[in-house]
Amino acid sequence: MKAVVFKGIGKIGIEEVEEPRIQEPTDAIVRLTASAICGTDLHLVHGTLSGMKPGTILGHEGVGIVEQVGADVRNLKPGDRVVIPASICCGFCVYCRAGYQAQCDRANPHGPQAGTAFYGGPESSGPFHGLQAEKARIPFAPANLVKLPDEITDDDAILLSDVVPTGYFGAVLAEIKPGDTVAVFGCGPVGQFAIASARHFGADRIFAVDSVHSRLVAARAQGAEAIDFEKEHPVETIRRLTGGIGVDRVIDAVGVDACRAHAGPAEKEGERKAGQFAQELAFVAPERHGNGNWNAGDAPTQALRWEVECLAKAGSLGIIGVYPESLMVFPIGQAMNKNLTIKLGNCNHRKYIPLCLELIRSGALQPARIITQRQAFSSIIDAYHAFDRHEAGWIKVMLRPEPAATGTAATRRPAPLQLTKQRGTRGKAWVDPRANPDTGPSREASDSGLVSPLKNEILEDHARRYPEGDPAVRRKNPDRGELPTEEPVRPGIMRVFSRNPRRKRVRK
Ligand SMILES: NC(=O)c1ccc[n+]([C@@H]2O[C@H](COP(=O)([O-])OP(=O)(O)OC[C@H]3O[C@@H](n4cnc5c(N)ncnc54)[C@H](O)[C@@H]3O)[C@@H](O)[C@H]2O)c1
Ligand SMILES: [Zn+2]
Ligand SMILES: [Zn+2]
């Protein structure tokens, strides 16, 4: 079968690998119908999350059909449609039963102290082969796999694997309560769901901080107040907009590949701390982004420093961005002197997936709206690069693990979307002609091309602001390798959460 394989830092490829087989009676084999690329995959490829074993299949997001089950799998049968939680748990240890599945005592073969077990991760996390493949072996299948009701589409379900529950977990960690003022740092897929979750928990104002314009536009479409840290100093701006107080809660959705500002009023401060950031990098990733074609961050603790600074006294910080064990720096003194509460960790995916699934069923959450690209397997490597470069409109990439009929990763660039106005649709509904129920990429094909008016807003806004292309993207890509970004940036499908009248606020 085909799979995306880690070959060394900065080197990944689509390879022919052996099919997985049942090894334990509690195993299941799942044939994947959808996978995705996560910011964590980028840390692994960059080497900022180190310890990957060459040959490991990447990816920890998956939806598929159970193909085979071991003798001790009694709650699933071949043919069942399931979502695979990104982290692996046993379901019966004391941690799993208490809802701390990411700290399961049994799933990690290195023992109870070894940390979270997950698919497609470093040696220390298993290693378990990942889900960017045609099939995968699922350990402890009765506890891990979550059956999907028919009305949950693959597009929604793939986001249940990791980013939706993680965004929700971020809001839980940050202790968001009705009326709170919140800042979400990082507006990638995880940040977008952190914003949605903050809203769900009743946050009043939400500031969204990033430097990628199209991601800030998506955050704004969710009602967040956007702050571009390369145009404004994020801490000064948040303080100014909150009467000097700061925010009650912060969610970090950035992680170790954080960047410092390379323009705007925060640039000087970044330059002054460049030496410290370089030292941090030397610890976390002595060997990183090997071939220069990747865009690892240059300031591992930049976001954390801003977050602590912009919090109000006695505020709380929820960190879901991933930081490696080798990172030893945190502004502890400042946090202590402000009486901050800090909670962090890997998401207990298995705990939150059923809950998030119900939110989707009720219409409160429409995660598929954040999928901006659906890529065939053959263009995965290109998709990795575009996602890594934060190309305009590349927010969440969904993958179809079936091998594509034509082309190779080396020769193909993700096909640009061709949008045409659909007859009979009201307002600005546009369709992607590829989204044909017969030929389209997934079972949701009939819906997969609908583009919100926001997509046009981004295109127009982007072209107006950056006739030469996004400066953030250009700056971060001194070496763009084989994928030039000079051509006009095409944002692809941009869909975000809509305010749903049926949405109920959870009040504590
Ligand atoms: N805790 C968990 O269980 C869990 C699960 C999934 C993902 N994650 C982590 O969440 C993080 C985000 O994931 P993603 O898929 O959205 O990744 P992503 O790389 O797409 O998004 C990160 C965003 O942070 C922005 N950023 C960089 N430096 C910044 C700074 N100084 N201030 C503000 N924003 C900054 C980037 O421009 C980018 O848009 C990653 O670290 C990922 O590993 C954690
Ligand atoms: Zn992830
Ligand atoms: Zn367990």
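The values are calculated or read from the model by the stated rules, or taken from the named source; none is laboratory data. Keep in mind the model is a prediction, meaning the values are calculated, not measured. We place every Cβ from the backbone using ideal geometry, glycine too, and count neighbours over all the protein chains shown.
Regarding region 318-339, can at least one residue be identified that is assigned to a helix (DSSP H, G or I), in contact with an Asp or Glu (Cβ under 6 Å, 6 or more places away or on another chain) and surrounded by 15 or more Cβ atoms within 10 Å (Cβ to Cβ)? Step through it out loud before you land on a result.
Applying the first criterion (assigned to a helix (DSSP H, G or I)) to region 318-339 yields 332-337.
Applying the additional criterion that residues be in contact with an Asp or Glu (Cβ under 6 Å, 6 or more places away or on another chain) yields none.
No, because not a single residue in region 318-339 is assigned to a helix (DSSP H, G or I), in contact with an Asp or Glu (Cβ under 6 Å, 6 or more places away or on another chain) and surrounded by 15 or more Cβ atoms within 10 Å (Cβ to Cβ).
Residues that are under 25 Å from residue 57 (Cβ atoms): which helices (runs of 4 or more DSSP H) entirely in region 70-175 hold 2 or more of them? Reasoning before the result, please.
Values: elements: 94-97, 141-144, 154-160, 163-173.
Of the helices (runs of 4 or more DSSP H) lying wholly inside region 70-175, those with at least 2 residues that are under 25 Å from residue 57 (Cβ atoms) span 141-144, 154-160, 163-173.
For a quick check of your reading of the model, give me the residue pairs whose first member lies in region 182-204 and is assigned by TED's automatic domain parsing to the domain that holds residue 303, whose second is more than 16 Å from ligand 2 (Cβ to nearest atom) and of a type in the set (D, E, K, R), with beta-carbon atoms closer than 6 Å and at least 6 apart or on different chains.
182/249; 185/307; 187/210; 187/215; 202/505; 203/180
For region 205-212, check the following and say yes or no: at least one residue is within 15 Å of ligand 1 (Cβ to nearest atom) and in contact with a His (Cβ under 6 Å, 6 or more places away or on another chain).
First pass over region 205-212, keeping only residues within 15 Å of ligand 1 (Cβ to nearest atom): 206-212.
If we keep only those that are in contact with a His (Cβ under 6 Å, 6 or more places away or on another chain) too, we end up with 212.
Scanning region 205-212, I find at least one residue that is within 15 Å of ligand 1 (Cβ to nearest atom) and in contact with a His (Cβ under 6 Å, 6 or more places away or on another chain), so the answer is yes.
Might you let me know whether region 284-295 holds any residue that is over 24 Å from the mean Cα position of the chain (by Cα), more than 16 Å from ligand 2 (Cβ to nearest atom) and surrounded by 15 or more Cβ atoms within 10 Å (Cβ to Cβ)? Can you show your working first?
Within region 284-295, the subset over 24 Å from the mean Cα position of the chain (by Cα) is 286.
Still in the list and also more than 16 Å from ligand 2 (Cβ to nearest atom): 286.
Now restrict to residues that are surrounded by 15 or more Cβ atoms within 10 Å (Cβ to Cβ): none.
Within region 284-295, none of the residues are over 24 Å from the mean Cα position of the chain (by Cα), more than 16 Å from ligand 2 (Cβ to nearest atom) and surrounded by 15 or more Cβ atoms within 10 Å (Cβ to Cβ).
Which members of region 188-205 meet the condition of being within 16 Å of ligand 2 (Cβ to nearest atom) and either at pLDDT below 95 or in a loop (DSSP other than H, G, I, E, B) (or both)? Reasoning before the result, please.
Initially, region 188-205 is screened for residues within 16 Å of ligand 2 (Cβ to nearest atom), giving 188-194, 197.
Passing the criteria: only 188.
For the condition in contact with a Lys or Arg (Cβ under 9 Å, 6 or more places away or on another chain) and of a type in the set (Ser, Thr, Tyr), what is the one hit in 181, 166? Step through it out loud before you land on a result.
Working: 166 fails: in contact with a Lys or Arg (Cβ under 9 Å, 6 or more places away or on another chain).
The match here is 181.
For (1) at pLDDT below 90; (2) buried (at least 24 other Cβ atoms within 10 Å of the Cβ); (3) more than 16 Å from ligand 3 (Cβ to nearest atom); (4) within 24 Å of residue 48 (Cβ to Cβ), each residue gets a yes or a no:
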{"residue": "365", "(1), (2), (3), (4)": "no, yes, yes, no"}
{"residue": "378", "(1), (2), (3), (4)": "yes, no, yes, no"}
{"residue": "387", "(1), (2), (3), (4)": "no, yes, yes, yes"}
{"residue": "394", "(1), (2), (3), (4)": "no, yes, yes, yes"}
{"residue": "399", "(1), (2), (3), (4)": "no, yes, yes, yes"}
{"residue": "403", "(1), (2), (3), (4)": "yes, no, yes, no"}
{"residue": "406", "(1), (2), (3), (4)": "yes, no, yes, no"}
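Taking region 326-343, which residues are in contact (Cβ under 8 Å) with a residue 60 or more places away in the chain and either farther than 17 Å from residue 258 by Cβ or in the same structural domain as residue 44 (by TED's automatic domain parsing) (or both)? Give the steps one after another, and end with the answer.
Here is the first cut: in region 326-343, the ones in contact (Cβ under 8 Å) with a residue 60 or more places away in the chain are 326-327, 341, 343.
341, 343, listed by residue number.
If you go through region 106-119 one residue at a time, do you hit one that is modelled with pLDDT of 95 or more, more than 16 Å from ligand 2 (Cβ to nearest atom) and among the aromatic types (Phe, Trp, Tyr)? Please lay out each step first, then the result.
Taking region 106-119 and keeping what is modelled with pLDDT of 95 or more, we get 106-119.
Now restrict to residues that are more than 16 Å from ligand 2 (Cβ to nearest atom): 106-114.
Filter again for among the aromatic types (Phe, Trp, Tyr), leaving none.
There is no residue in region 106-119 that is modelled with pLDDT of 95 or more, more than 16 Å from ligand 2 (Cβ to nearest atom) and among the aromatic types (Phe, Trp, Tyr).
Would you point out which residue out of 89, 104, 93 is touching an Asp or Glu at 6+ places or on another chain (Cβ under 8 Å) and more than 18 Å from residue 148 (Cβ to Cβ)? Lay out the reasoning, then the answer.
Details: 89 fails: touching an Asp or Glu at 6+ places or on another chain (Cβ under 8 Å); 104 fails: touching an Asp or Glu at 6+ places or on another chain (Cβ under 8 Å).
Sole residue among the options that is touching an Asp or Glu at 6+ places or on another chain (Cβ under 8 Å) and more than 18 Å from residue 148 (Cβ to Cβ): 93.
Give 84, 57, 37, 65 a once-over and let me know the one that is in the same structural domain as residue 142 (by TED's automatic domain parsing), away from ligand 2 (no atom under 16 Å from the Cβ), among the hydrophobic types (A, V, I, L, M, F, W, C) and in contact (Cβ under 8 Å) with a residue 12 or more places away in the chain. Spell out how you get there, then give the answer.
Numbers: 84 fails: away from ligand 2 (no atom under 16 Å from the Cβ); 57 fails: away from ligand 2 (no atom under 16 Å from the Cβ); 37 fails: away from ligand 2 (no atom under 16 Å from the Cβ).
Exactly one of 84, 57, 37, 65 is in the same structural domain as residue 142 (by TED's automatic domain parsing), away from ligand 2 (no atom under 16 Å from the Cβ), among the hydrophobic types (A, V, I, L, M, F, W, C) and in contact (Cβ under 8 Å) with a residue 12 or more places away in the chain, namely 65.
Does residue 51 satisfy the condition of being touching a residue at least 60 places away in the same chain (Cβ under 8 Å), surrounded by fewer than 24 Cβ atoms within 10 Å (Cβ to Cβ) and more than 17 Å from residue 129 (Cα to Cα)?
Values: touching a residue at least 60 places away in the same chain (Cβ under 8 Å): yes; surrounded by fewer than 24 Cβ atoms within 10 Å (Cβ to Cβ): yes; more than 17 Å from residue 129 (Cα to Cα): no.
So residue 51 does not fit the description; no.
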